[in-house]
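Please read the structure below before turning to the comments.
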Amino acid sequence: MRKVLFVIAVLTACLCANAKNPKKVRKDVNTDFVTVVDGHFCRQGKPYYFVGTNFWYGAILGSEGQGGNRERLRQELDDLKAIGIDNLRILVGSDGERGITTKVEPTLQIAPGVYNDTILAGLDYLLMEMGKRQMVAVLYLNNSWEWSGGYGFYLEHAGAGKAPRPNEAGYWPYMQFVSKYAANETAHQLFYRYVRDIIGRTNRYTGVKYVDDPAIMSWQIGNEPRAFSDEAKEPFAKWLAEASALIHSIDGNHLVSIGSEGKWGCEGDMGLYETICSDPNVDYMNAHLWPYNWSWVRERTLRKDLPEACKNTKDYLDEHLVLSAKLQKPLVLEEFGFPRDGFSFSQESTTSVRDDFYRYVFGLVVDNATSGGQFAGCNFWGWGGRAVPTHNQWKVGDDYTGDPAQEQQGLNSVFITDRSTVEVIRQQCELIAKPIVVSAPRPD
């Protein structure tokens, strides 16, 4: 036996050609759709590893109503493509009443089944423009947090009462309220109606049905769906299984993922995370990671705390990669963020500590890709691009940044003027794009 180098693209293309699961591979090996074969992403007959970003406000920018700015949208997509980013994680739309300080607006779903058509047009336009640039979208349909409606919206319309606002009552009362969602069948049915309406759409600009559009990489059940209590774990897993089965029953071309933070979003229960990721209708695994929010770094000692944050990051991802190997499903770190130097919200502030953390995380993806591993990609949070924040707290008429309305504007955003961070991202995208080789045995 002797070692030789094989290009992993060739190996993966062969895997795609000989895939045993036709449900997940509907097209030929050169399809533009992202597929999963033997635990790896495949696109256009090649392995697909990526550095991407969160661009939650993309559909709003694509609209011609309040908040819309199609010129900026096209510029942002061109900027991202030039850097090397082709994978964007995007909010389909927010839910509920407008005029709430800490919630994204304008909202898409005004009441169950009642939609703001300008946002739907924005989503259509966004997908059209992404398709022109060979970019792909991960579209999330729900949210456990208040900033886009989600759990609280569906519970209110299911008759469970009005969700407390975390900025007024604190997060504990809010989490107690939304823990009811996991077992509320009426709320689930309202959500399923939304799922059918969105996935069943046809793009007004291209005439392509969403289910046939390769600009969509995957449908995601929600942003950070949680049980929020031990009692809700079982119905939570049941709901996710129902939702993923429903999505696949409507759309056989696209992948389905949960949007989970991983162990952190499963009440610290890795067993629950394994249960929800094991479902056959869940095609790949997700994790999120927030060093500041999780107290791995402190406001005044970002630089000093960075080594510990990097260690904790690797430990957290390694634990999830063990499960990824067991389940033979790719893992994507689809959310991770880090504050600007000095915990500043100003675009003029430096980002040296963030740059080093980004470099470390991207390096984990590149190293894993080089060895043909299952850590398939990451999406940093989030792209602020050409935005110029006006207020610390977002107000109607302000530019959208990577920080949603409930967060300090600019703190976790990457702006096009953050030259050092953009260069770190560009360098890692170039490494990911290079031919990847692995050692493989071959008989003498």
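The values are calculated or read from the model by the stated rules, or taken from the named source; none is laboratory data. Only a predicted model underlies this, so the values are computations on that prediction, with no experimental measurement involved. All Cβ positions, even for glycine, are placed from backbone atoms using ideal geometry, and neighbour counts span all protein chains on display. These area figures cover heavy atoms from the full protein model, side chains too; ligands, DNA and RNA do not enter into them. Shrake-Rupley method; radii C 1.70, N 1.55, O 1.52, S 1.80 Å.
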Next item on the list: Look at TYR125 and say whether it is within 24 Å of the chain's Cα centre (by Cα) and either in contact (Cβ under 8 Å) with a residue 24 or more places away in the chain or open to solvent by less than 40 Å² (accessible area, probe 1.4 Å) (or both).
Entry: yes
Next item on the list: Tell me which residues, restricted to the range 251-286, are open to solvent by 10 Å² or more (accessible area, probe 1.4 Å) and touching a Cys at 6+ places or on another chain (Cβ under 6 Å).
Entry: LEU272
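Looking for whichever is farther than 19 Å from ARG193 by Cβ, modelled with pLDDT of 95 or more and touching a strand residue (DSSP E or B) at 6+ places or on another chain (Cβ under 7 Å) here; the options are ILE90, ILE83. Which one fits? Quick ask: steps written out before the conclusion?
Details: ILE83 fails: touching a strand residue (DSSP E or B) at 6+ places or on another chain (Cβ under 7 Å).
So the residue among ILE90, ILE83 that is farther than 19 Å from ARG193 by Cβ, modelled with pLDDT of 95 or more and touching a strand residue (DSSP E or B) at 6+ places or on another chain (Cβ under 7 Å) is ILE90.
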Next item on the list: Go through (1) modelled with pLDDT under 95; (2) touching a strand residue (DSSP E or B) at 6+ places or on another chain (Cβ under 6 Å) one by one and return the number of the condition PHE380 breaks.
Entry: (1)
Check: If you scan the range 259-314, which residues turn out to be small (Gly, Ala, Ser) and either over 20 Å from the mean Cα position of the chain (by Cα) or on the phi > 0 side of the Ramachandran plot (or both)?
Finding: GLY259, GLY262, GLY268, GLY271, SER295, ALA309
Note to self: What pairs come out if I take residues in the range 76-94 that are farther than 20 Å from ALA405 by Cβ and pair them with residues that are part of a loop (DSSP other than H, G, I, E, B) and of a type outside the set (A, V, I, L, M) whose C-beta lies under 6 Å away, six or more apart or interchain?
What the structure shows: LEU77/ARG133; LYS81/ARG133
Notebook entry, point to check: Taking the range 26-41 only, how many residues are closer than 23 Å to ILE250 by Cβ and either modelled with pLDDT under 95 or not in a strand (DSSP E or B) (or both)?
Noted result: 8
Check: Is the range 95-114 home to any residue that is in a loop (DSSP other than H, G, I, E, B), closer than 26 Å to ARG419 by Cα, open to solvent by less than 10 Å² (accessible area, probe 1.4 Å) and β-branched (Val, Ile, Thr)?
Finding: no
Item checked: Residue tally, condition open to solvent by 60 Å² or more (accessible area, probe 1.4 Å) and assigned to a loop (DSSP other than H, G, I, E, B), over the range 360-398 -> 10
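Just to be sure, is GLU64 surrounded by 23 or more Cβ atoms within 10 Å (Cβ to Cβ), of a type outside the set (A, V, I, L, M) and either in contact with a strand residue (DSSP E or B) (Cβ under 8 Å, 6 or more places away or on another chain) or free of Cβ contacts under 8 Å to residues at least 60 places away in the same chain (or both)? Working first, answer last.
On the way: surrounded by 23 or more Cβ atoms within 10 Å (Cβ to Cβ): no; of a type outside the set (A, V, I, L, M): yes; either in contact with a strand residue (DSSP E or B) (Cβ under 8 Å, 6 or more places away or on another chain) or free of Cβ contacts under 8 Å to residues at least 60 places away in the same chain (or both): yes.
The answer is no for GLU64.
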Notebook entry, point to check: When the range 185-227 is examined, which residues are found to be acidic (Asp, Glu), more than 21 Å from the chain's Cα centre (by Cα) and open to solvent by less than 20 Å² (accessible area, probe 1.4 Å)?
Noted result: none
Next item on the list: Sort through ASP305, ASP230 and tell me the only one that's of a type in the set (D, E, K, R), open to solvent by 50 Å² or more (accessible area, probe 1.4 Å) and either closer than 30 Å to GLU407 by Cα or part of a helix (DSSP H, G or I) (or both).
Entry: ASP230
Margin query: With the requirement that a residue be at negative phi, surrounded by fewer than 19 Cβ atoms within 10 Å (Cβ to Cβ) and not charged (D, E, K, R), what does the range 147-165 give you?
Written below: HIS157, ALA160
Checklist line | Positions within the range 67-92 being in a loop (DSSP other than H, G, I, E, B) and either open to solvent by 10 Å² or more (accessible area, probe 1.4 Å) or closer than 15 Å to GLY131 by Cα (or both), in sequence order | finding: GLY67, GLY68, ASN69, GLY84, ILE85, ASP86
Next item on the list: Select from the range 327-342 the residues that are over 19 Å from PHE357 (Cβ atoms) and part of a loop (DSSP other than H, G, I, E, B) and list them in ascending order.
Entry: GLN328, LYS329, PRO330
Note to self: Show the residue pairs meeting these rules: Cβ distance below 8 Å; 6+ apart or different chains; first residue within the range 232-255 and polar (S, T, N, Q); second residue part of a helix (DSSP H, G or I).
What the structure shows: ASN253/VAL211; ASN253/ASP212
